[in-house]
Amino acid sequence: MTDIFSDLSNCIEPYFQPRLKLFRNLLGFRTIDALLHMPTYTIEKYYISELTNDFIEKTVTTNVIIDCVELNYNRSSSPCKIYCVCGNSPVEIVLFNYNKAYVKSVYPVGKVVCISGKLQVTESGNFKFINPEKVISSRLNNFKGIFNIYPLTTGVSQNGIYSVMNSALDILNKKQIEEWIPKDIMIRNSFKSFYESLKDIHFPKKIYKNKFEESGYRRLVFDELLAEQLVIRLASPKSKSGNVINNEKILINKLLEKLPFDLTDSQNEVLNDILSDMGKNKPMTRLLQGDVGSGKTIVALISILYAIESGYQCAVLAPTEILARQHFKNMKSYFDDLGLNIEILTSSEKGKKRTEILNNVKSGVCNLLVGTHAIIADKVEFNNLGFVVIDEQHRFGVNQRLNLIEKGVSPHVLSMTATPIPRTIIMSLYGDIEVSSIREKPKGRKDIITKAIPRSRMNDVINSINNIIQNNQKIYWICPLVEESEKLKYTCVINRYEYLKKYFPENVLMLHGKMKQKEKQEVFEKFENGECKILVSTTVIEVGVDVPEATTIIIENAEKFGLAQLHQLRGRVGRNDLQSFCVLLFEDKISHIAKERIQTIRNSNDGFEIAEKDLLLRGGGEILGTKQSGEKAYRTFDMKDPVIQSDIYNFLKQASDLATDIIKKEQIYNFKTLLKIFKPENFENIKLSF
């Protein structure tokens, strides 16, 4: 049966069928996925017979008479120039990456050809088009009027997308789905039906300055928010009773006696919240957010000891093996002194060692299991899991978190993030979750001095490295790419590593995600142990890596990174009482937004302030982190643009209240279609009570 959940192939015309794989890679596998492929912007295409200055920089469709074709037979990389006439105006067509045989057949001298493209002007004042499209009469309607411009991939054209959208809407119209939004909310927000909303978005009748002004777009924003809210509530622990943890804090006091530092007031306040929650007859679900280097890990460790003293096992889930091993290393010394057993489980533990770890976890000998996704595997069985810590929680999907939580009986859950989230977003997108924030830095820590330097001053940077190394301090050098790319003109780790070796032959190591795990671990340990002073790396060191002797981080092509990521990377230094530095190397010509990001990082070390700015610059992103690697990819809706509008908070509140009411009245079955559309990965994996 053909409906909106049917295969995308039902929407592909015979002409485009050979490119079905390309369409699926771009749009997803389902008809509805294609309809959720949102346009980047909307333009008006003008169909005109005479070119005038009024249409410069606008997309026009017009007829031209080919006068002369100038092919360069010596260098195929040189542009082809075609001279023609439109009415009384001379026109120049410039083609790049052209096929000579194709040009001759499409632009025959003396013939009339219909073309469409952005009208520009040559230095001599004549009109010109660069790489225009040739228009055939049967598709002329696709080149005049108001049209969306969609994100594309090689081999898929805007015409192909228009064709798919037309077919997909036709399927939706024939198989009208039942409306899920209550009438009062529809009226209050002037929403149209789901079909009409999508039709208005994909075949607009006017151009809006702001997407949120468009009724159809607003409707889909609300739909996605409602689906998100329902998933949050369905993913929350269902049990009303939890493990009451209340003891004399003997283990905690022993740990505090050994710590070489005092906890900050903010850490103590957060700990009181967590331990209080663990003492209640309800599973704790708390988000601990704190800036990089604020001391979240020690708070988690103290909470873990509180649970262990009451006889429960604990688990720490980390997104990378490097971070998991760092947690294990930092916690092991404390656990050994306290006579407790801690194990680590990643993909690297194999054979007898892995079997031994699994047996210790199952029997209860292991008090704390630290690991990556490996601890979620079915073969991992706990004896009495009562407390779970999920580090960098946004790196894990909802289902991954649930899989770990379900290995215990109503365990308390502490999620941690070093990417502060604005309060308004937390309240609306996390539902009833409790939130604690560490706002202080450990005593003695200095603010990191951040400098922005154009890459043309590379020699100055190299000279400054000598002084840092002579002071026995370490340096991170971050590059956006592993190896050279023809499409992305950014610096790669391999090239920068070879370049730095010329200056510091005994002091440079390289680290990136394409290396084997064992090799990555060996490299990082050499850096930790001081066998080298410069680590050239990709962003694999972004999260949680803690090397106190590293006092400088150089981020190359800083204009490529987002604010949150720049702040995370900067947080790899400044982890002792020495002055630390962050150097942002940027290209001379960068966008206005990139300049604003770099300026923000230069002026502030406050992660919460940066998070607010990041929200304004790029939108909210995917806070829940429901997408998971290795699973079937769905193309879900993206609400980044409207999140900067004040109206979004009103929508969030309405969606949150409605979701609570739906769950309370057990009406979730009525929203099955909504979840299947907007949250398919959760719909298939979360045990929904339909």
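The values are calculated or read from the model by the stated rules, or taken from the named source; none is laboratory data. All figures in this text were calculated on a predicted structure; none of them were measured in a lab. Note: ideal-geometry Cβ built from the backbone for every residue, glycine included; neighbour counts use all protein chains shown. These accessible areas exclude ligands, DNA and RNA; they are computed on the full protein's heavy atoms, side chains included. Shrake-Rupley method; radii C 1.70, N 1.55, O 1.52, S 1.80 Å.
Points worth noting:
- Remark: segment 34-51, residue by residue, has Karplus-estimated 3J(HN,Hα) of 5, 5, 8, 7, 7, x, 6, 7, 10, 10, 10, 9, 9, 9, 10, 9, 10, 7 Hz, where x stands for each Gly or Pro and the curve is 6.51 cos²θ - 1.76 cosθ + 1.60 at θ = phi - 60°.
- Proximal lysines to K533, defined as alpha-carbon separation beneath 18 angstrom and excluding residues fewer than eight positions away on the same chain: K474, K501, K502, K520
- In plain terms, if you count all Cα to Cα distances in segment 271-349 and split them into 10 Å steps from zero, the share in each step is 14, 48, 34, 4 percent.
- A viscosity of 0.692 mPa s and a temperature of 37 °C, combined with the Kirkwood radius over C-alpha pairs in the Stokes-Einstein formula, give segment 49-178 a diffusion coefficient of 199 µm²/s.
- The distance between label points at S333 and K514 comes to 3.7 nm (points 7 Å beyond Cα on the Cα→Cβ vector).
- Per residue of the chain, the DSSP helices (runs of n ≥ 4 H) give a summed -39500 (n - 2.57) that works out to -11000 deg cm²/dmol at 222 nm.
- Accessible area expressed per residue, the chain, with surrounding protein chains retained (probe 1.4 Å, Å²): 47
- Correct option for percent of Cα pairs over 42 Å apart [calculated from the coordinates] among (i) 39; (ii) 35; (iii) 30: (i)
- The protection proxy used here, the mean number of other Cβ atoms lying within 10 Å of each residue, ranks peptides 566-579, 525-538 as follows, highest first: 566-579, 525-538.
- For the chain, the relative contact order comes to 13 percent (Cα pairs under 8 Å, sequence separation of at least 6).
- Amide H contacts of Y490: S485, each under 5 Å away and 5 or more positions distant or on a separate chain (H built 1.01 Å from N in the peptide plane; Pro and chain starts excluded).
- Using 0.36 nm per residue and subtracting the Cα-Cα separation, the extra length available between N467 and D170 on full extension is 100.2 nm.
- Contact order normalised by residue count of segment 451-511, Cα under 8 Å, 6+ apart, percent: 18
- Across segment 162-300, Cα pairs under 8 Å and at least six residues apart give a relative contact order of 19 percent.
- Carbon and sulfur %, accessible surface of the chain computed with the full protein complex present, 1.4 Å: 47
- Taking 17 Å as the straight-line reach from the Cα of K526, the aspartates and glutamates in range (excluding those fewer than 8 positions away in the same chain) are E321, E506, D546, E549.
- In range of the label at A101: residues from segment 34-74 whose backbone nitrogen is under 19 Å from the point 7 Å along Cα→Cβ: 71-74
- K653 versus F504: modelled label distance in nm, points set 7 Å from Cα along the beta carbon direction: 5.3
- In segment 257-385, lysine pairs with alpha-carbon atoms under 27 angstrom apart (chain gap of 8 or more, or interchain): 26
- The calculated FRET efficiency for K379 paired with K451, based on their beta-carbon distance and R0 = 45 Å, is about 0.35.
- Point-to-point label distance, F55-M458, nm (Cα→Cβ direction, 7 Å offset): 4.6
- Cα centroid separation - segment 274-307 against segment 161-203, whole Å: 44
- Excluding same-chain neighbours fewer than eight residues apart, the aspartates and glutamates reachable from K489 by a Cα-Cα span under 14 Å are E556, E559, E587, D588.
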